[in-house]
Amino acid sequence: MFLSNEAIRKHIEDGKIKITGDLTIESMGIGINLGKELLIPVENQTVGLSLPSQPQYTSHNLLEAPYTLKPNEFVLGATEQLIYTSKDIATMLDGRSTLARLGLTIHLSAMVLDGVPFSNESSVLEIKNLGNFNIVLNYKDRVGTYIFAQLTDPITGEKDTVYANQNGVTPPII
């Protein structure tokens with residue numbers, strides 16, 4: 001069952017959902033904003049899951065200047081917000097329809113954020129311009145929504161991940 005705005009407010013009050021950063025409660029989620037840093041992949045690299053080297057990126061600080069994402073370009077970003085939930089709440093990331101109509105996606109992998117019940121973290125955004133427009137990205141642009149669902153039972157055990165407690169944009173760790 002997805003949580004409504006009133007259920008989200010109640011869970012924030014009782015500590016089952018914790019948000020650090022701007023808080024905008026929407027009809028059935030919490031609005032998320034783009035964080036201050038982007039990682040831009042260095043061109044002409046070859047990567048693979050079994051190769052010993054890590055992909056290389058350059059960093060762009062959105063506090064210093066906006067970034068223009070060109071058609072077919074891909075960058076990594078992160079949410080400005082940090083989120084934590086209790087183990088009986090699943091968190092999902094949903095992009096904005098307006099941005100999708102421009103060709104902008106913010107999350108290319110699994111929509112369920114499976115690390116959220118285990119640590120207080122930002123969400124890495126896989127940002128891709130599939131459209132024909134140059135799209136200007138600014139710090140704190142509203143890019144999507146966290147959506148919550150009540151689990152039938154709490155998750156048991158702990159999650160062992162290299163991405164636990166990520167605070168900001170984190171590149172892939174192969």
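Each value in this text was obtained by applying a stated rule to the coordinates, not by laboratory testing. Computed from a prediction, not measured in an experiment: that's the story for all the values here. Virtual Cβ from ideal backbone geometry, glycine too; neighbours counted across all protein chains shown.
Residues of segment 27-68 that are under 23 Å from Y139 (Cβ atoms), polar (S, T, N, Q) and loosely packed, with under 14 Cβ neighbours inside 10 Å: T58, S59, N61, T68.
If a residue must be assigned to a strand (DSSP E or B), over 16 Å from G29 (Cα atoms) and not aliphatic (A, V, I, L, M), how many such residues does segment 76-115 contain? Result for segment 76-115: 2.
Look at segment 42-62: where a residue is touching a residue at least 60 places away in the same chain (Cβ under 8 Å) and a partner is among the polar types (S, T, N, Q) and surrounded by 10 or more Cβ atoms within 10 Å (Cβ to Cβ), sitting 6+ places away or on another chain with Cβ atoms under 8 Å, you get V47/S53; P55/Q45; L62/N138. If only residues of segment 15-24 that are β-branched (V, I, T) and buried (at least 16 other Cβ atoms within 10 Å of the Cβ) are counted, the one that is nearest to the chain's Cα centre (by Cα) is I19.
In the set P171, P71, only one residue is assigned to a loop (DSSP other than H, G, I, E, B), surrounded by fewer than 17 Cβ atoms within 10 Å (Cβ to Cβ) and over 13 Å from the mean Cα position of the chain (by Cα); that residue is P71.
Comparison of L102, L130, L113 shows that the only residue that is buried (at least 18 other Cβ atoms within 10 Å of the Cβ) and either acidic (D, E) or touching a residue at least 24 places away in the same chain (Cβ under 8 Å) (or both) is L113.
Out of segment 143-163, which residues are of a type in the set (S, T, N, Q) and in a strand (DSSP E or B)? The answer is T145, Q150. Among the criteria (1) in contact with a strand residue (DSSP E or B) (Cβ under 6 Å, 6 or more places away or on another chain); (2) outside any loop (DSSP other than H, G, I, E, B), the one K140 does not fulfil is (2). Residues of segment 122-141 being closer than 17 Å to L82 by Cβ and either out of contact with any Lys or Arg (no Cβ under 7 Å at 6 or more places or on another chain) or among the aliphatic types (A, V, I, L, M) (or both), which ones? Hits for segment 122-141 are S122, S123, V124, L125, K140.
Could you look through segment 24-41, keep only residues that are touching a residue at least 40 places away in the same chain (Cβ under 8 Å) and outside any strand (DSSP E or B), and pick out the one that is farthest from R96 (Cα to Cα)? Out of the qualifying residues, it is K36.
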